[in-house]
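Everything below concerns the one structure shown next.
The values are calculated or read from the model by the stated rules, or taken from the named source; none is laboratory data. Fair warning: this is a prediction, and the values are worked out from it, not measured in the lab. Cβ coordinates were reconstructed from backbone atoms using ideal geometry, including for glycine residues, and neighbour counts include every protein chain displayed. Ligands, DNA and RNA are excluded from the accessible area calculation, which covers all protein heavy atoms including side chains. Shrake-Rupley method; radii C 1.70, N 1.55, O 1.52, S 1.80 Å.
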Amino acid sequence: MTWGGVPGWGQNFISGRAAAELDDEYHYTCADVFGTGFLESREKEVVSIMMTLFDEERIMRNYVASERREAVRDAVENMLKTGKMSAEEIAGYFTELSVEDVREIEKGLLQTI
C-alpha cells in the first residue's frame, strides 16, 4: 500500500504502528525531503509570515474590543435617555463599566442636549 508516494507508509500509519517500527528505508525527515538548505533559506520568510499573522491577530482583537466598547456605550446611552434607571443600576448590567464610567457617559449626554 502506498500513501503520499511512500510505499508501506500509509499501511503503517493506518494500523497505528509506531514510527520506530517503520523500516529505515521509508523513514524520512523534513531535511531529507527538502534538504537543510531549503529550510535554512526559508527561516526569515517563515518568521516574517508568523510576525505578520501575529500583528493581524492583534489588530483584529483590538478592533473587536473597540466595537464591543462602542456597543456598550451605545446601550448605556440608550438606557440613560429613557431615564428609568440610575447610573448604579446601569453599571450593574455592564461589568466592564464602573458607576463613574456611566456618570461620565451621562455628563457627555447632558452636554450635547
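When we screen ALA65, ALA91 for residues that are under 15 Å from GLU104 (Cβ atoms) and either hydrophobic (A, V, I, L, M, F, W, C) or without any contact (Cβ under 8 Å) to a residue 60 or more places away in the chain (or both), the only hit is ALA91.
Identify all residues within region 97-113 that are of a type in the set (Ser, Thr, Tyr) and within 31 Å of the chain's Cα centre (by Cα); write none if there are none. Answer for region 97-113, where residues must be of a type in the set (Ser, Thr, Tyr) and within 31 Å of the chain's Cα centre (by Cα): just SER98. Selection of helices (runs of 4 or more DSSP H) fully inside region 24-106 by the criterion of at least 1 residues being open to solvent by 90 Å² or more (accessible area, probe 1.4 Å) and at pLDDT 85 or above returns 36-82, 87-93.
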